[in-house]
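**Q** Input: one structure, supplied below.
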Amino acid sequence: MSAPPLLDVRKLTVEFATRRGTVQAVKAIDLSVGKGETVAVVGESGSGKSVTSYAMVRILDRAGRIADGSISFSGVDLVAASEAQMRDLRGREISMIFQNPRAALNPIRKVGRQIEDVLVQHVQATRATAREKAIEALEKVRIARPEERYDAYPFELSGGMCQRVVIALALACQPQLLIADEPTTGLDVTTQKAVMDLIVELTRERGMSTILITHDLGLAAAYSDRVVVMEKGRVVETAGALDIFRDPQHPYTRKLMKATPRLGMSLQDLLPDGREVRERPSPEGEAGAAGSPARSPLGPPLLVVENLVKEYPRPPKGSLLARLTGKAEPEAQPFRAVDGIGFEVRRGETLGLVGESGCGKSTTSMMLNRLLDPTAGRILFDGQDIGAIPAKGFAASPFRQRIQMVFQDPTDSLNPRFTAERAIADPILRMGKIRGRAALRARCEELARSVGLPTELIDRFPHQLSGGQKARVGIARAIALDPDLVILDEPTAALDVSVQAVVLNLLDELKQRLGMSYIFVSHDLNVVRLLCDRVVVMRSGRIVEQGTAEEVLGDPKAAYTRELLSAIPHPPA
Amino acid sequence: MNEMSKIEPAPLRFEAPPATSLLAHARHIVAENPVTGFAFALFALIVLAALLGPSLVPYDPLASNTSAALQGPSASHWFGTDQLGRDIFSRVVAATRLDFSIAVTSVALVFVLGGLAGVTAGFFGGWVDTLVGRIADTIMAFPLFVLAMGIVAALGNSVTNIVIATAIINFPLYARVARAEANIRREAGFVQAARLSGNSEWRLLLTQIVPNIMPIMAVQMSLTMGYAILNAAGLSFIGLGVRPPTPEWGIMVAEGASFIVSGEWWVALFPGLALMTAVFCFNLLGDGVRDLVDPQRRN
Amino acid sequence: MLRMIAARLKTTIPSLIGVIIVTFLLTRVLPGDTAAYFAGPAASKEAIADIRGKLGLDRPLPVQFVSYVTALAKGDLGTSLTTGQAVTADLAQRLPASAELTLFGLLMSMAIALPLGVLAAVRQGSWIDHLCRIIATAGVSLPVFFTGLLLVYVFYFILGWAPAPLGRLDVFFSEPPRVTGFLLIDSLIARDAEMFRAALSQILLPALTLAIFSLAPITRMTRASMLAVLGADFVRTARASGLSSGKVIGTYAFRNAMLPVVTTLGMVFSFLLGANVLVEKVFAWPGVGSYAVEALLASDYAPIQGFVLTMAILYVALNLLIDILYGVIDPRVRLEA
């Protein structure tokens, strides 16, 4: 590191004008990126990591401005540079790729043309050669049949494919620095691995520097040389990727580190206090078995699913006239979202239902909680086929209160016009036996306490609660009538890791105490490993593999499970 | 409860955004955009004129006095007099009640009918949805004012029919907004959660869907009030609905139209201004109500 | 593309059927004696009976509907009592005047509204943005007939710049040979600059009235959708790629922002076709609107029904055009049809 860094940020402060006055989103941070180096900027939501990157290329929105500090790139002062100079640098010297690749592309312009625009702007091609060069750029990001894809619109491409186009766009002019802002958030884990590997390969090939902005410590560790940790607009720690995991210095980093699920940990390990100085098990030796939580003995089957199928009709093809005259093509095969699956959940057990988006796990959970009618198959709950009770009338069934659910998005799952107490009380009012204002209040407070929600908060409306608090309200509502089975649909996907750690522990503790069974629907295998006794892996509506968590995640039999597991970015343990 | 302390690491109560009351929010909106405050004041004035106007005015709005015909604004006749010598100021103020009640009645009518139809269609789907959609589409296939003309011409020339016609042409707007809002909430997490809590579908509609749609419908209402007044005035301008000598802004502008080319501007100007002010007030009010109801719109 | 147009054409069929049923119902099923309506206020009992027989009002409704549709298919909308001519002929004679006025007004309005809306969004918070907001709020509050009268008072009575609000052409001119029916175009075809100027001076004020009226919704929508698009991720990508602001705003933002604006045009046309009636009355414009108003005053029912039906069919056709235009801009609509 004797050569001057490619990018050197000193005392950068970014301010936003808001309703409540000026807010500093980034507070006097220092950051440098050497030539060929990959630096990860890690932080939870609101840490100012994205704002930092926008400030570096000066594309902050209107309310934001650089209040103080310097940004020097290859000797050029980016704070003082004119807008024309900046425009010349953007895309040619410094490129960015963003989260949500489909939205990052102009929806009504051919992707090839969008790459051309950048090439022509930076005089890397003329109108005559632009097409050829754009196709070349598509080829470099390994898009098959680039000549055809040139003419595609973003909506015709998959999310992973769109991200490749965005990468092609960013690298078309051979920039020196790539800023990747949550480049794989929202992508499936296997797609994430493909995209990240591609970025690493292409930037390394060109000797480029990269800033990787992410909330995912695992991703940061797996793909960067150095990690910068941000909290509330400040840099709290900067260190080599390996060092920061072995020996985090700042308390916040330690907390964040601990809260990130990975191999060889138990649920309690995620929490910040407690066994702070506990020796970490060696990564190879105890992986798998040591990571699983203490198991209670399993009871008889509570839920047995047999040959469950959900079909959706496809829109009919052929013209109206053809359909009327009966000359239409034979009806298309209906789409099978869930294609004949079977498994069981025993009393006191947590079953993990995992798979990538579109695998049918959400459809399955909607059928199990009886909000959706299956096309075929049986759902035996305590020996009775509850699948035969239509979803429409299930609210009146005595089984209703025995199967409950915690939803993915805690905000969306609370009625904005109900207080927390009213939300928790709703199932009790409909199906419970408690009557009378005072008794109801007492029960709600008891439930609030058992999910760790301060009782003085239960008169608040959802918008007056934090994400973690809303998640607790949702859990309290689900357990209000002591259900036998709770379906957890990605209950922590919308939460920051530190909140996730707390909520996961809460869920596990409640299960032990109340003797419930869980079905835990998730795409995050690291979390599944921590919480689940047994795991069902789904793909395209079918079960690929099922077994105990140790078997499936420790020694997977199916190739797809292995692929999923190897795609998870592993922080050094 | 001892193990709870372990799970409760941070003082969670401080994470939450501060609780703000609706009143504080309203004060903020008025402070930030004084125009909204002005609109609310103007609205109060209009309501007052509609309630008390006819008993406050200096002259009988219907009394003609041909000796004082077509006089410009003066101390005794603030807005001048018309071709029959009637006091325009008195007529403009007296007309508030009629114009205002036409707008309020028709908007209330369509709010109930359109809102109900839309919510039911959006929440239950199926044939109700198809039916409501078809009705709305058919109404929307007409230029709305032209349809209103046709309806009043067919039903007969009366104030009631103006109210009905105005309600009918606004139906698609209300039905569609209510339908869309009910439809996106049909599968929302909190509605699903309420299903799991054992609520029947009708109860879901009434306790989960409708209260959440009300604010949006309220905005819709204040936004269409202005349109309803314009529509009614337009109809009476071409001679439909309200008959002379009833004081009504549209008719008064129509009566003054022929004097514009000869320079007697006040006959048409003052009722026109009154009409404009009322509509302007309702539109501002609509924006204000929207800000009040939807804090995310302003940041 | 062709497939999209075909698909869209199919969806206009229910609209047209709805329009025909509604206009039929408006005349036949409503309270009051339809025959008396059609015969006019001065008709004798015999005349009413005659009309009743002609319209087939003594027959059952479905039969009446069939004969109504049959007559429609032949282009028969009945006879006007006031002009004594077939309503179809009257409407065809007067339609170009209305169309010229409406389109001219819309063009004027778009020429002002689009740049204004775009500028207001790009320079959010500047004076032009405030101007835009004032126009958007004030514009929708102005009763169109009142604007027209104000313009007449200022530009005709006070300033004397505009001619008297009495129709399409000064009485000293005779109309040019009819090609398109649009005086502005026909006078150019006839190479008559004098007449072109005369026609232009007549149409300017009424068209401006319509323009002011439709300015508000178009400006408002342009500004709003431009703002939304400027905040979109793909515009951020374009800016982060160093594209010039002309390219970002013109090619990336504007074309996307036009999509909701094009949709709004449907609503604007609905307003314009209604406002047209009022403007034609104010300016004594010899179009279909003033024809309908005259018929209203004379309680002459056939022309009103013909007018409502014609406007509705025109409006359905305009909406079809707008949808096709949308498909031209948006590949998602075009390719997924």
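**Q** On the given criteria, is A:VAL536 aliphatic (A, V, I, L, M) and farther than 22 Å from A:PHE381 by Cα?
**A** No; evaluated as a whole, the condition is false for this residue.
**Q** All but one of (1) under 16 Å from the mean Cα position of the chain (by Cα); (2) surrounded by fewer than 20 Cβ atoms within 10 Å (Cβ to Cβ); (3) more than 22 Å from A:GLY112 (Cβ to Cβ) hold for A:GLY159; which doesn't?
**A** Only one criterion in (1) under 16 Å from the mean Cα position of the chain (by Cα); (2) surrounded by fewer than 20 Cβ atoms within 10 Å (Cβ to Cβ); (3) more than 22 Å from A:GLY112 (Cβ to Cβ) is unmet by A:GLY159, namely (3).
**Q** Which is of a type in the set (Phe, Trp, Tyr), touching a Leu at 6+ places or on another chain (Cβ under 7 Å) and in contact (Cβ under 8 Å) with a residue 24 or more places away in the chain, of A:PHE98, A:PHE73, A:PHE16?
**A** A:PHE73
**Q** For A:VAL189, work out the one condition from (1) more than 27 Å from A:CYS359 (Cβ to Cβ); (2) under 29 Å from the mean Cα position of the chain (by Cα) it doesn't fulfil.
**A** Every condition holds for A:VAL189 apart from (1).
**Q** Filter region A:156-166 for residues that are part of a helix (DSSP H, G or I) and among the aliphatic types (A, V, I, L, M); which is modelled with the lowest pLDDT?
**A** Looking at residues that are part of a helix (DSSP H, G or I) and among the aliphatic types (A, V, I, L, M), I get A:MET161.
**Q** Which count do you get for residues in region A:181-203 that are assigned to a helix (DSSP H, G or I) and farther than 20 Å from A:ARG92 by Cβ? I'd like the intermediate steps shown before the answer.
**A** Looking only at region A:181-203, we keep the residues that are assigned to a helix (DSSP H, G or I), and these are A:189-203.
Still in the running and farther than 20 Å from A:ARG92 by Cβ: A:189-198, A:200-201.
Residues in region A:181-203 being assigned to a helix (DSSP H, G or I) and farther than 20 Å from A:ARG92 by Cβ: 12 in total.
**Q** Also: Of B:GLY133, B:GLY114, which residue is under 25 Å from the mean Cα position of the chain (by Cα), buried (at least 23 other Cβ atoms within 10 Å of the Cβ) and over 19 Å from B:THR246 (Cα atoms)? Talk me through it step by step, then tell me what you get.
**A** On the way: B:GLY133 fails: buried (at least 23 other Cβ atoms within 10 Å of the Cβ).
Sole residue among the options that is under 25 Å from the mean Cα position of the chain (by Cα), buried (at least 23 other Cβ atoms within 10 Å of the Cβ) and over 19 Å from B:THR246 (Cα atoms): B:GLY114.
**Q** Please enumerate the residues belonging to region B:160-175 that are buried (at least 20 other Cβ atoms within 10 Å of the Cβ) and of a type outside the set (S, T, N, Q). Please lay out each step first, then the result.
**A** Residues of region B:160-175 buried (at least 20 other Cβ atoms within 10 Å of the Cβ): B:162-163, B:165-175.
Residues satisfying the conditions are B:ILE162, B:VAL163, B:ALA165, B:ALA167, B:ILE168, B:ILE169, B:PHE171, B:PRO172, B:LEU173, B:TYR174, B:ALA175.
**Q** Still on this structure, I have one more. Need at least 3 residues that are facing chain B (nearest Cβ under 8 Å) and farther than 19 Å from A:ALA420 by Cα per element, so show me which helices (runs of 4 or more DSSP H) inside region A:448-534 make the cut, counting only ones lying wholly within it. Full working, then the answer.
**A** Numbers: elements: A:467-479, A:497-514, A:525-531.
In region A:448-534, A:497-514 are the helices (runs of 4 or more DSSP H) which contain 3 or more residues that are facing chain B (nearest Cβ under 8 Å) and farther than 19 Å from A:ALA420 by Cα.
**Q** Can you go through B:ILE162, B:ILE102 and tell me which one is of a type in the set (A, V, I, L, M, F, W, C), under 20 Å from C:VAL277 (Cβ atoms) and in contact with a Leu (Cβ under 8 Å, 6 or more places away or on another chain)? Can you show your working first?
**A** Working: B:ILE102 fails: in contact with a Leu (Cβ under 8 Å, 6 or more places away or on another chain).
Among B:ILE162, B:ILE102, only B:ILE162 is of a type in the set (A, V, I, L, M, F, W, C), under 20 Å from C:VAL277 (Cβ atoms) and in contact with a Leu (Cβ under 8 Å, 6 or more places away or on another chain).
**Q** Let me ask something additional. Please state which one of A:GLN124, A:GLN85 is closer than 26 Å to A:VAL195 by Cα and within 13 Å of chain C (Cβ to nearest Cβ).
**A** Values: A:GLN85 fails: closer than 26 Å to A:VAL195 by Cα.
So the residue among A:GLN124, A:GLN85 that is closer than 26 Å to A:VAL195 by Cα and within 13 Å of chain C (Cβ to nearest Cβ) is A:GLN124.
**Q** I would also like to ask the following. For A:LEU105, which of the numbered conditions (1) in a loop (DSSP other than H, G, I, E, B); (2) at pLDDT below 90 fails to hold?
**A** (2)
**Q** Another question about this same structure. Which condition breaks for C:VAL122 when tested against (1) under 25 Å from C:LEU272 (Cα atoms); (2) within 14 Å of chain A (Cβ to nearest Cβ)?
**A** Failed condition: (1).
**Q** Among the numbered conditions (1) over 28 Å from A:PRO427 (Cα atoms); (2) away from chain C (no Cβ under 11 Å); (3) among the hydrophobic types (A, V, I, L, M, F, W, C), tell me where B:ALA182 comes up short.
**A** Here B:ALA182 clears every test but (1).
**Q** Same structure, new question: Looking at C:ALA257, is it more than 7 Å from every other protein chain (Cβ to nearest Cβ), small (Gly, Ala, Ser) and crowded, with 21+ Cβ neighbours inside 10 Å? Explain how you work it out, then say what you get.
**A** On the way: more than 7 Å from every other protein chain (Cβ to nearest Cβ): yes; small (Gly, Ala, Ser): yes; crowded, with 21+ Cβ neighbours inside 10 Å: yes.
Spelling it out, C:ALA257 is indeed more than 7 Å from every other protein chain (Cβ to nearest Cβ), small (Gly, Ala, Ser) and crowded, with 21+ Cβ neighbours inside 10 Å.
**Q** Right, another one. Applying the selection to region A:239-273, what residues are in contact (Cβ under 8 Å) with a residue 40 or more places away in the chain and of a type in the set (S, T, N, Q)?
**A** First, the residues of region A:239-273 that are in contact (Cβ under 8 Å) with a residue 40 or more places away in the chain: A:241-242, A:245-246, A:255-268, A:270-272.
Answer for region A:239-273, where residues must be in contact (Cβ under 8 Å) with a residue 40 or more places away in the chain and of a type in the set (S, T, N, Q): A:THR260, A:SER266, A:GLN268.
**Q** Show me the strands (runs of 3 or more DSSP E) found entirely inside region A:325-438 where at least 2 residues are within 14 Å of chain B (Cβ to nearest Cβ). First the steps, then the outcome.
**A** On the way: elements: A:335-346, A:350-354, A:376-381, A:403-406.
Passing ranges, in order: A:403-406.
**Q** Whether any residue in region A:81-90 is part of a strand (DSSP E or B), surrounded by fewer than 21 Cβ atoms within 10 Å (Cβ to Cβ), in the same structural domain as A:ALA170 (by TED's automatic domain parsing) and at pLDDT 90 or above is what I want to check.
**A** Step one: list which residues in region A:81-90 are part of a strand (DSSP E or B), which gives A:90.
Narrowing the set further to residues that are surrounded by fewer than 21 Cβ atoms within 10 Å (Cβ to Cβ) leaves none.
Checked region A:81-90: no residue is part of a strand (DSSP E or B), surrounded by fewer than 21 Cβ atoms within 10 Å (Cβ to Cβ), in the same structural domain as A:ALA170 (by TED's automatic domain parsing) and at pLDDT 90 or above.
**Q** Additional query: Regarding C:ALA302, is this residue among the small types (Gly, Ala, Ser), surrounded by 20 or more Cβ atoms within 10 Å (Cβ to Cβ), out of contact with any Leu (no Cβ under 6 Å at 6 or more places or on another chain) and at the interface with another protein chain (Cβ under 9 Å from one of its Cβ atoms)?
**A** Values: among the small types (Gly, Ala, Ser): yes; surrounded by 20 or more Cβ atoms within 10 Å (Cβ to Cβ): yes; out of contact with any Leu (no Cβ under 6 Å at 6 or more places or on another chain): yes; at the interface with another protein chain (Cβ under 9 Å from one of its Cβ atoms): no.
Taking the combined requirement at face value, the residue does not satisfy it.
**Q** Follow-up question, since we're still on this one. Of all the residues that make up region C:191-245, how many are under 30 Å from C:VAL144 (Cβ atoms), within 14 Å of chain A (Cβ to nearest Cβ) and of a type in the set (Gly, Ala, Ser)?
**A** Total satisfying the criteria: 2.
**Q** Looking at A:ASP339, is it charged (D, E, K, R), more than 30 Å from A:VAL544 (Cα to Cα) and under 28 Å from the mean Cα position of the chain (by Cα)?
**A** On the way: charged (D, E, K, R): yes; more than 30 Å from A:VAL544 (Cα to Cα): no; under 28 Å from the mean Cα position of the chain (by Cα): yes.
Here the answer is no, as A:ASP339 does not meet what is asked.
**Q** Could you run through region C:117-144 and say how many residues are more than 28 Å from B:ALA268 (Cα to Cα), touching a helix residue (DSSP H, G or I) at 6+ places or on another chain (Cβ under 8 Å) and at pLDDT 85 or above?
**A** Residues that pass the stated criteria total 9.
**Q** Please indicate, with yes or no, whether at least one residue in region B:222-242 is in contact with a Lys or Arg (Cβ under 9 Å, 6 or more places away or on another chain) and away from chain C (no Cβ under 12 Å).
**A** Yes: region B:222-242 contains one or more residues that are in contact with a Lys or Arg (Cβ under 9 Å, 6 or more places away or on another chain) and away from chain C (no Cβ under 12 Å).
**Q** Exactly one of these conditions fails for A:ARG131: (1) under 27 Å from C:ARG334 (Cβ atoms); (2) part of a loop (DSSP other than H, G, I, E, B); (3) basic (Lys, Arg). Give me its number.
**A** A:ARG131 satisfies every listed condition except (2).
**Q** Scan region A:446-466 and give yes if some residue there is buried (at least 21 other Cβ atoms within 10 Å of the Cβ), out of contact with any Leu (no Cβ under 7 Å at 6 or more places or on another chain) and over 19 Å from B:ALA194 (Cα atoms), otherwise no.
**A** yes
**Q** Against the definition (farther than 19 Å from C:VAL87 by Cα and among the aromatic types (Phe, Trp, Tyr)), how does C:TYR301 come out, yes or no? Can you show your working first?
**A** Details: farther than 19 Å from C:VAL87 by Cα: no; among the aromatic types (Phe, Trp, Tyr): yes.
In short, no.
This table checks each residue for (1) at pLDDT 90 or above; (2) more than 19 Å from A:PRO107 (Cα to Cα).
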residue	(1), (2)
A:ALA128	no, yes
A:ALA134	yes, no
A:LYS140	yes, yes
A:PRO146	yes, no
A:PRO154	yes, no
A:ALA168	yes, no
A:LEU177	yes, yes
A:ASP181	yes, yes
A:ASP188	no, yes
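**Q** Being away from chain C (no Cβ under 14 Å), surrounded by fewer than 23 Cβ atoms within 10 Å (Cβ to Cβ), closer than 20 Å to A:MET161 by Cα and out of contact with any Lys or Arg (no Cβ under 7 Å at 6 or more places or on another chain): is that true of A:LYS133 here?
**A** Values: away from chain C (no Cβ under 14 Å): yes; surrounded by fewer than 23 Cβ atoms within 10 Å (Cβ to Cβ): yes; closer than 20 Å to A:MET161 by Cα: yes; out of contact with any Lys or Arg (no Cβ under 7 Å at 6 or more places or on another chain): yes.
So A:LYS133 fits the description; yes.
**Q** What tally of residues in region C:138-161 results from selecting those that are in contact (Cβ under 8 Å) with a residue 40 or more places away in the chain and either assigned to a helix (DSSP H, G or I) or over 27 Å from B:TRP249 (Cα atoms) (or both)?
**A** Count: 12.
The values are calculated or read from the model by the stated rules, or taken from the named source; none is laboratory data. Please read all numbers here as calculations on a predicted model, not as lab measurements. When we count neighbours, we look across all protein chains shown, and the Cβ atoms used for this are built from the backbone with ideal geometry, even at glycine.
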